[in-house]
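> Below are the structure tokens for one structure; questions will follow.
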């Protein structure tokens, strides 16, 4: 097993960081690794906003649901789906690109490009001995996030990535078993086996929480997911995205 695979398999979210900022060299290297990710049709339909200012980080922490580690990270990266530059390209080249930019397909391209870049950045940071945590909470209020970061039309902040020096070792969360994730040749649709595998995974997750909290918490994974999904959140998202001129066709 090589070092890259060891780093990938050793991933865990880090939420406690030392009071120690990343250097400009580290930031640049992480972003360059993000840029090395695959990109659909060479579109590179994403941007990354780095945040060092403590007041801006504090406000973003509040908007993300008062997650203190957003403020206290060594550096904060905001990953955005970005078709604004392609709008500029259309103007530069005298081409009508609006129908393409408004399409669901190009919106998906931008989302996928941003996610691929972010995972490269996360892996690069972890390979440097740093810890990371993805922050979807910035989508709680994208209007305010967009105003704070001066984000133009056709750009959507998707998530933040906190990066820093881990102050505390955290445990790895058990993932769904391989057999439940990987389907060979076609999508497996044996409902009884599907439920049985989920019940087995529930036992693993419940034991994980039991040990981690000394018996205080024994959640199952399906229980967590059902509670979360039965309380819809961020239901303004479609309206916000379309207001930004994306996902309209």
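> Give me the angle, in degrees from 0 to 90, between the Cα long axis of helix 84-93 and the longest principal axis of the Cα atoms of the chain, rounded to the nearest 10.
30 degrees
> State the extension gain, in nm to one decimal, for the chain segment bounded by residue 219 and residue 6, taking 0.36 nm per residue of separation less the distance between their alpha-carbons.
73.9 nm
> Run the Debye formula on the Cα coordinates of the range 178-218, all scatterers equal and no solvent, and tell me log10 I(q)/I(0) at q = 0.15, 0.29, 0.33, 0.35 1/Å.
Here the Debye-derived log intensity ratios amount to -0.47, -0.92, -1.04, -1.10.
> Compute the angle between helix 191-212 and the longest alpha-carbon principal axis of the chain, please, reported from 0 to 90 degrees and rounded to the nearest 10.
80 degrees
> In whole Å, what are the extents of the chain along the principal axes defined by its C-alpha atoms, from largest to smallest?
So the extents along the principal axes, rounded to whole Å, are 61, 48, 40.
> Same structure again: Set the Förster distance to 35 Å, then compute FRET efficiency between residue 93 and residue 241 from the Cβ-Cβ distance, nearest 0.05.
Numbers: r = 26 Å, r/R0 = 0.73.
Computed FRET efficiency for residue 93 and residue 241 comes out at 0.85.
> Then there's this: How much length is gained on full extension from residue 40 to residue 103, taking 0.36 nm per residue of separation minus their Cα-Cα distance?
On the way: separation 63, 0.36 × 63 = 22.68 nm, distance 1.49 nm.
Full extension from residue 40 to residue 103 adds 21.2 nm.
> Any idea what angle helix 54-63 forms with the longest principal axis of the chain, computed on alpha-carbon atoms, 0 to 90 degrees, nearest 10?
Computed tilt is about 70 degrees.
> What FRET efficiency do you get for residue 56 and residue 203 if R0 is 51 Å and r is their Cβ-Cβ distance, rounded to the nearest 0.05? It would help to have the intermediate numbers written out before the result.
Values: r = 43 Å, r/R0 = 0.85.
It comes out at approximately 0.75.
Read-outs throughout are calculated quantities, based only on the coordinates presented, and are distinct from any laboratory measurement. Values in this document were obtained by computation on a predicted structure and should not be read as measured data. Glycine gets a Cβ as well: all are built from the backbone with ideal geometry, and neighbour counts include every protein chain shown.
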